[in-house]
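Please read the structure below before turning to the comments.
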Amino acid sequence: MALHGHYSEAAVFTSLAQALTPRWRVIALDQRGHGESDRATRYERDDCIADVVAFHRHLGLGPVPVLGHSLGGVNAYQFAARHPDKVSELIVEDIGAVVDCDWSFTTRLPSPAPSRQALVAALGATAPYLECSFRSGSQGWGFSFGIDDTVMPQKALNGDHWDDWTSLSCPTLLVRGTRSDELAADHAREMVDRHGGQAGLVELAAGHVVHHDAPQQFAAVVTAFLAQAR
């Protein structure tokens, strides 16, 4: 079960799903405010975790491996901490136990744009990370998320989540990008040291979005972790 980060949606895990076939089936969720999911009036921590609980219940599954990136990473480890009977293994991609998110990038996003090419040009180097969320509408080209629907969960994500992290008991893999501006190396090592059960850290030559910058290496470490955990 895979949970994406801000500015993204379930489809971002397509290449990972292909890499894990046929041993694993990846089921990903457009989280609230993103992709084709409904917009909401609330984006508090408990609301996001309740969505994951409802998704798991809808799928009718027992304990499953859960993977999450950034926003999805916090959602994943809080879900695992609060519902340990539903998670067999946990993979957290480049997010910490303490989060200090800067949402100024969100408020500067260029939308709408007159064409897809204009949107790509306005985004510059960040375009490849957001392109799965590009949408064409009556006003032009924009995103499958709203600005307010991204700022609100970013604000709610900030804080100290050590209590959830240290209460984890399932086998956990923390994946960090060595060029990440979100998860510092010393914080990642502290997370492994303070994990309540068995945890490992893998660092790959990537930025914050490891699955985008190093897709083959990311798929390989996920595959190896799941095989070892079983």
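The values are calculated or read from the model by the stated rules, or taken from the named source; none is laboratory data. Everything quoted here is computed from the prediction, not taken from an experiment. FYI the Cβ positions are ideal-geometry reconstructions off the backbone, even for glycines, and counts take in every protein chain you see. Note: accessible area is taken over every heavy atom of the protein model, side chains too, but ligands, DNA and RNA are not part of it. Shrake-Rupley method; radii C 1.70, N 1.55, O 1.52, S 1.80 Å.
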Query raised in the report: What pairs can you find where one residue is in the range 60-84 and closer than 12 Å to Ala28 by Cβ and among the β-branched types (Val, Ile, Thr), the other is part of a loop (DSSP other than H, G, I, E, B) and open to solvent by 20 Å² or more (accessible area, probe 1.4 Å), and their Cβ atoms are less than 8 Å apart, with a gap of 6+ or different chains?
Result: Val66/Met1
Query raised in the report: In this structure, does Ala19 turn out to be in a helix (DSSP H, G or I), among the small types (Gly, Ala, Ser), closer than 24 Å to Asn158 by Cβ and open to solvent by 20 Å² or more (accessible area, probe 1.4 Å)?
Result: no
Query raised in the report: Are any residues in the range 185-195 in contact (Cβ under 8 Å) with a residue 24 or more places away in the chain and of a type in the set (Gly, Ala, Ser), and if so, which ones?
Result: Ala188
Report task. Would you confirm whether any residue within the range 193-203 is under 30 Å from Asp38 (Cβ atoms) and small (Gly, Ala, Ser)? Result -> no
Report task. Return the only residue of Asp38, Asp46 being open to solvent by 10 Å² or more (accessible area, probe 1.4 Å), part of a helix (DSSP H, G or I) and of a type outside the set (Val, Ile, Thr). Result -> Asp46
Query raised in the report: Which residues, taken from the range 195-224, are buried (at least 17 other Cβ atoms within 10 Å of the Cβ) and more than 18 Å from the chain's Cα centre (by Cα)?
Result: His195, Ala199
